[in-house]
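Single-structure report; data block below.
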Amino acid sequence: MEKKQKVDVTVGLVLLFISIVMLVLPLFNVSNLNIIMPVVFGLYSIVNIIQYLLTKESKDKEGMYTTFASLVAMLESIIFNMNENYKLTALVLMTWITFMSLIKLKKADYYHDKNDRMWKIRSLTLVLFILSGLLTSVNLFYDNEIRLIIIGYFFFIHAILEIIDPIIKTLIKHS
């Protein structure tokens, strides 16, 4: 496994840990979305800028773009009161999902050859990401604990998709 794949898997595991923490927080009666969401998007920003700095020589700018998208979502989640209005929570999440989808589309388009297996895998993960994001945003009309669990599952799915990509790339390279 190359350095970039190792860094990508490590970042995916950190994102997986963040999502598991989000899933566990309601058990301890911690469900203030006005605090949790800016912290989560801030952590995503920090993790992705570190990923970009560690893999800068590979010319992959996904980490940098994800940092900017997460910073925008963090600022939105600071500005809006998400505890009282589920529509604002959905708006913040859909803004982030839209930016992330454009970033993932740009990365999938990097593999111009539609016969390339990585292009098909990246396109499939993009569709799964968009679909899970839309389903998450539609189901945010419950109380804060349920919203946090739903968003935690979305981030869990996102982390799994982020881990799958470098593993499959390594398997394809060695087959």
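The values are calculated or read from the model by the stated rules, or taken from the named source; none is laboratory data. Source: prediction; values computed, not measured. Positions of Cβ are generated from backbone atoms using ideal geometry, with glycine treated the same way; all protein chains shown enter the neighbour counts. Accessible surface areas use protein heavy atoms only, side chains included; no ligands, DNA or RNA. Shrake-Rupley method; radii C 1.70, N 1.55, O 1.52, S 1.80 Å.
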Legend entry - Rough spin-label spacing in nm, given labels placed 7 Å along Cα→Cβ, for residue 170 and residue 81: 4.8
Legend entry - Rounded D (µm²/s) - region 1-65, Kirkwood Rh over Cα pairs, Stokes-Einstein at 4 °C, 1.567 mPa s: 100
Inset, instruction - Round to the nearest 10 and report in Å² the accessible area of residue 168, as given by a 1.4 Å probe over the protein chains' heavy atoms. - result: 50
Inset, instruction - Using a 10 Å Cβ count of at most 15 others and DSSP loop calls, identify the longest part of the chain lacking such GluC sites (Glu not before Pro). - result: 85-175
Inset, instruction - Quick one: compute the contact order of the chain, relative version, from alpha carbon pairs under 8 angstrom and 6+ residues apart, as a percent. - result: 33
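Would you list 174, 158 from the most to the least accessible area, probe 1.4 Å?
Most to least solvent-accessible, the answer reads 174, 158.
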Inset, instruction - Past 23 Å, Cα to Cα, is the threshold; run 61/87; 3/173; 3/59 against it and keep the listed order. - result: 61/87
Legend entry - Candidate values (i) 13.4; (ii) 10.1; (iii) 9.5, label of the one derived for mean projected area of the Cα convex hull in nm²: (iii)
Legend entry - Helix runs (DSSP H) in the chain reaching 24 Å along axis by Cα, Kyte-Doolittle at least 1.6: 33-54
Inset, instruction - First compute the accessible area of the chain with a 1.4 Å probe, then give the percent of it belonging to carbon and sulfur atoms. - result: 71
Inset, instruction - Rank these by accessible area, largest first, 1.4 Å probe: 25, 13. - result: 13, 25
Legend entry - Options 14, 54, 82, ranked by Cα towards positive dipole end of region 5-128, top entry (Cβ charges): 54
Inset, instruction - At a Cα cut-off below 12 Å, give the aspartates and glutamates reachable from residue 169, other chains included and same-chain residues fewer than 8 away excluded. - result: 2, 8, 116
Inset, instruction - Using a 1.4 angstrom probe, figure out how much accessible area region 1-142 has per residue, in square angstrom, rounded to the nearest whole. - result: 55
Inset, instruction - Let me have the 222 nm mean residue ellipticity of the chain computed from DSSP H runs of 4+ only, each contributing -39500 (n - 2.57), with the sum over all residues rounded to the nearest 500. - result: -28000 deg cm²/dmol
